[in-house]
Each structure stands twice: as structure tokens, then as C-alpha cells.
Amino acid sequence: MMFKLGALIMHPASKYALLALALLFPALAANEYQVYVMATAFIWAIAVYGFNVITGYCGQLNLAHGGFFAIGAYAVALLTADYGWNFWPAFIGALVITAVLGFLVGAVSLRLKEHYFAIFTLCVGFIIYLLLDKWEELTHGAIGVRGIAAPDGFGLVNFRETIPVYYLILFFLVFIIWFTSRIQKSLLGRTFIAIRNGDDLAESLGINLMKNKILAFVISTTYAGLAGALYAGMIRFVGPEDGNILHTFNMITYLLVGGIGTLFGPLIGTLGIVWITQSLQFLEEYRMIIFGPLLVILVIFFPLGVSGSFLTWMHRKAQALGLGPKKVQQESKVNTAREVENNA
Amino acid sequence: MLQLKNVDVHYGSFKALNNINMTVDTGGLVVLLGANGAGKSTLFNAISGLIKPSAGNIEFEDKILNGMRPSAVVSAGVVQCAEGRQLFPQMSVHDNLMLGAYVHRKDKEGNRKRLNEVLELFPILEEKAHQPAGSLSGGQQQMVAIGRAMMSRPRLLMLDEPSLGLAPLVVKQMFETIQQINSLGTTVLLAEQNAFAALKIATHAYVMENGQLVMDGDRETMLGNEEVRKAYIGA
């Protein structure tokens with residue numbers, strides 16, 4: 001019964017059902033605030049997809065990820081508010097800036113390995129935060145940046161309104177999921193996974209470690225920049241707190257809960273935690289008393305996260321039932337855990 | 001084809017390899033015998049570029065391998081199949097094999113041809129192509145590991161203890177396959193503790209103890225050597 005339900009979830013048509021649900025969400029939501037919360041969750045999900053590329057697939061714990069989100073947001077904010085650019089040129093500018101800075105930071109930091117790399121990037125993240133807070137001539141300091149241009153609409157579509165901007169962000173989220181699935185299925189994705197499994201092993205296959213690690217880093221920072229740019233266009237105010245290192249730790253939590261190194265983990269983790277947090281708002285600061293232990297239990301009993309644990313369970317169940325990959329695929333369109341993840 | 005001249009390797013102050021001189025001729029199947037900790041894997045890692053020698057030269061077909069990146073060593077035609085198989089357990093057998101062709105990734109037609117050759121060597125892998133490599137038996141995983149190394153189209157294939165942890169019948173098949181790979185034109189350098197099985201297919205053998213090569217000779221010489229028989233064959 002449970003296996004059949006799992007097979008149904010993993011059916012290729014499920015992703016279209018999920019997309020239909022996302023498209024209908026503004027009509028199903030009780031009020032506009034819920035649409036706003038969902039749009040914000042989508043933005044964070046895009047950033048977490050980036051975090052998943054460098055940390056989940058490539059195995060490099062980049063603790064500056066939240067900083068690159070803030071750089072993307074500030075790039076749009078400053079280019080539109082201070083330099084009078086329209087949103088879309090500023091948006092492209094934000095992607096270029098985060099990609100270039102990602103390349104520069106990656107080229108230096110990826111010479112370090114494991115926890116040394118993590119500590120280095122933690123410092124980079126903190127430096128970004130300090131720059132946003134203290135470099136008043138450029139960033140406006142603690143007062144932040146107001147008057148950010150909203151995404152330019154077309155015809156009757158006005159992205160200053162919540163529902164149109166929700167669909168705009170949904171479009172980018174779907175694009176990012178599609179793009180990530182293309183990476184995951186490609187030789188590049190397998191190269192990242194090979195690096196995650198061990199530098200020596202990857203090198204002994206002829207993989208150029210530095211080149212591929214930097215590429216993963218740049219892809220991840222560009223995702224973060226894209227998320228930050230959309231955030232600035234939607235909220236239309238940015239401040240130094242958007243670069244707070246805590247955002248990176250939130251993203252780690254989203255990824256761990258959803259399933260690190262899986263295609264749908266970032267989405268499940270981000271949406272799950274954002275909505276659980278929302279539903280516990282009435283507890284104010286005390287919600288962490290419930291939320292904290294829940295997280296600990298999840299990480300102890302489901303270290304692969306929701307998506308990873310589910311895929312592993314399905315794969316084991318398929319093996320126990322003697323269903324080879326082809327047979328499972330025929331009977332329930334279920335493939336091996338990894339292949340299903342790739343197909344999704 | 002491969003020549004090591006006075007090669008030393010240090011781990012900090014510890015000298016792991018001491019004045020290694022070794023030659024592997026084109027088309028040969030050279031066996032490196034030695035107990036655990038003798039330095040066989042260190043020697044392989046030094047040839048592969050994973051460890052930098054502190055002294056000496058490693059030459060492969062007139063190229064100096066010292067200081068080369070491991071990926072460049074693979075591109076030069078020297079490929080290591082490391083001890084313990086080291087597959088990507090979550091990836092399918094097919095994806096594992098194709099990662100071996102990384103240095104030839106642009107030559108799709110060549111890779112397809114090579115994949116067919118590898119599947120001819122290990123027909124069972126065709127059936128298992130879509131299974132996660134981690135779900136295979138030890139022997140099948142070793143086939144994937146060797147197959148993956150073969151996908152890199154090596155001219156010199158270095159196999160580090162391929163029989164480790166395998167059932168006797170599988171070990172026999174494994175050595176037959178290694179001999180077949182060699183007879184098809186790939187030079188093989190094989191590190192083994194299973195001395196009798198390895199020497200039976202070897203053209204030349206070296207014995208390594210405490211980071212030094214202490215003896216070498218052709219198959220008959222080594223099989224007939226009393227010390228080798230006592231220390232490694234147990235007869």
C-alpha cells in the first residue's frame with residue numbers, strides 16, 4: 001500500500017500535478033498574505049538549489065552562500081535606486097556580479113579542503129555582511145536601500161502586485177529546477193558527485209578538480225544572486241540583515257530537512273520549514289522550543305532528509321519485492337532511487 | 001614504457017618509498033608483490049600523481065610524470081584502478097563506466113565503441129547497467145572498477161589488489177580477465193598479495209618490502225625462488 005503510494009508520488013506525471021497545484025495556489029490561498037509567503041519561500045528555494053549544487057552535489061560546504069544572496073539583492077537595489085537602471089538590466093547585472101564574485105572567491109577558497117574551506121567561506125560571508133553594514137558610501141549602511149524598482153511588467157501585468165510577482169518567481173523556480181535536473185543528469189552532474197565522493201578518486205578518473213569545483217561554485221552563487229535579485233524586486237527594500245550569516249544556516253537547515261544532494265530536497269525542505277514556521281507564529285520566539293527538537297529528531301532518524309529517506313526506502317522496498325529497475329519502471333514507472341530522482 | 005629512477009616518497013619525515021628503480025615494458029604484465037604496508041599503493045599513487053615524489057624521476061613514454069596533475073597523468077595514458085574498488089555506489093553501473101571515459105568525453109563515438117569492448121570483457125555488466133553500482137556483489141563491483149579504468153583507454157593500467165575480498169572462483173575469473181586485457185594490448189602493472197595467481201600470469205615481477213624493491217625477475221625465476229615461495233606463496 002505504502003509502496004504503491006510512493007510509486008504514485010514518483011510517477012513522472014506527479015511533477016505536472018505539483019506544477020498545477022503551484023499555478024492554482026493563488027486561487028486556493030485564503031488570503032494574499034499566504035501568496036506572499038509562498039513567493040518568499042520560492043525565492044529561498046531558488047537560493048537553496050544553488051546551495052545544493054555546491055554542497056549537495058559537489059560536497060563543498062560554502063558558508064558564504066547567504067552573502068551571495070545579499071550581493072544579488074544589493075546589486076539590483078543599488079543599480080535601480082542609485083543609478084536609475086530598470087529592473088531587468090539590473091537583474092542581469094546582479095547575475096553577472098554574483099557569477100564574477102563567485103569565480104573570484106571560489107578560485108581562492110577552493111584551494112582549501114573540507115572544514116578549512118567551510119571556515120574560510122564563513123569568514124567571507126561575515127566580511128560581506130560587514131561590508132553591507134559599514135560601507136555606507138556604497139550600500140547606505142544600516143539604513144539599507146529603499147526605492148528599488150519592481151520588475152517591469154508588460155501589458156496589464158504589473159509585478160508590483162503580489163499575484164503577478166508570485167507567478168514571475170514561480171517561473172524562475174521551475175526554470176531553476178529544470179536546469180538543475182539537466183545538470184544532475186549530465187556528465188557535469190556526475191563529475192560533481194564524483195568530486196563529492198573524494199578528491200583522489202575524482203582525480204584518478206582524470207577530472208580537473210579545481211576547474212569543476214569553481215564551476216559548481218559559480219553556478220551556486222549565480223543561483224543565490226538570482227534569488228537575491230528577485231527578493232529585492234519583490235520586497236523593494238534591502239538592508240544589511242539580508243546578508244546575515246544566519247540566512248546561510250537557515251538554508252543548511254532547509255537542505256538537510258529536504259534532502260541534501262536530491263533534486264526535490266531544496267523545495268521540500270524550504271516550503272516545509274517556511275510553512276511550519278508560519279503556523280507556529282502564534283508562539284512567537286517560543287516556537288523554537290517545538291521547532292528545535294523536531295529538527296533534531298528529523299536529522300537523527302532521517303539523516304538523508306525527507307526526499308533522500310523516501311527515495312532510499314522506495315529503492316530498498318523495490319529490491320525487497322524483487323523488482324529490478326526495468327520491472328519497477330514498467331509496473332509503476334518507478335526506477336532506481338537515483339534514476340527517479342534524475343527523471344523527476 | 002614506464003621507468004622509475006631512484007624514486008623516494010616521504011610522508012612528513014617518514015620515508016615511505018626508498019630509492020625505487022623499476023621498468024615496465026610495453027605489452028608486459030608486471031606484478032608487484034608485497035605484504036600490507038609494503039608501499040605498493042604509495043608507489044601507484046606516486047605514478048598516478050596523487051603523491052609527489054620527494055626525489056627521483058617517473059618517466060612514461062618519454063614524458064616526465066613527476067609534478068603532473070593526476071588528471072594529466074590519466075590523459076597521458078596511465079590509469080589506476082585503486083584498491084577497494086571505490087565506485088560511486090549511488091550511480092548506475094553505466095554512469096560509473098562512463099565517468100571512466102571523462103578524459104575522452106568529447107569523443108562520443110569512441111566511447112560507445114569502448115563501452116562495447118568493456119561489456120564484451122564483462123558481459124554481466126550489460127544486464128546490470130541500470131542498477132546502482134552499490135547493489136552489486138563484490139566481484140561485479142570489481143568488474144565495474146576495472147571496466148571504468150578501461151574506459152579511460154589506458155596504455156598502462158595499474159590494478160591495486162583487484163582480488164582483495166573476492167571468493168576464490170571469482171578471483172580465478174578476475175585473473176583470467178586481467179590476462180585477457182593484457183593480451184588485447186594494454187600493459188598492466190598489478191599489485192597483489194595473491195602471489196601464486198598473480199605470478200602465473202606475469203611476464204615480470206618485483207617484490208616490495210618496507211618501501212624498497214628487494215627482488216625482481218621473470219615469472220619462472222620468481223616462481224622458482226625459494227624466498228618468494230616461502231614468503232608469499234606459502235609452499
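Bear in mind that the values in this text are calculations on the coordinates, not laboratory data. The model shown is predicted, which means the values in this text are computed figures rather than measured ones. Please note: Cβ atoms are built from the backbone with ideal geometry, for glycine as well, and neighbour counts cover all protein chains shown.
Listed by chain and number, the lysines placed with their C-alpha closer than 28 angstrom to that of A:Lys113 are A:Lys185, A:Lys211, A:Lys213, B:Lys15, B:Lys40, B:Lys52; residues fewer than eight positions away on the same chain are left out.
Taking label positions 7 Å along the Cα-Cβ direction at both A:Arg160 and A:Ser186, the computed distance is 3.9 nm, reported to one decimal.
At 20 °C and 1.002 mPa s, grab the translational diffusion coefficient of segment A:3-162 from Stokes-Einstein with a Kirkwood Rh over Cα pairs, rounded to a whole number in µm² per second. It diffuses with D of about 116 µm²/s by this estimate.
With Rg and the Kirkwood Rh both taken from Cα atoms, where does Rg over Rh land for segment A:104-205?
Computed over Cα atoms, the ratio is 1.12.
Taking max minus min of the alpha-carbon positions on each principal axis, the protein assembly as shown gives extents of 88, 58, 48 Å, largest first.
Structural size metrics of chain A, computed from C-alpha coordinates, are Rg and Dmax of 20.4, 66 Å. Here segment B:36-113 has an Rg and Dmax of 14.6, 42 Å, counting Cα atoms alone. Estimated from helices alone, the mean residue ellipticity of the protein assembly as shown at 222 nm is -18500 deg cm²/dmol (sum of -39500 (n - 2.57) over DSSP H runs with n ≥ 4, per residue).
Annotation: peptides A:281-287, B:149-155, ranked by per-residue average of other Cβ atoms within 10 Å with the highest first, follow the order B:149-155, A:281-287. Of the peptides B:184-196, B:217-229, A:157-169, the ranking by mean beta-carbon count within 10 Å, highest at the top, reads B:184-196, A:157-169, B:217-229.
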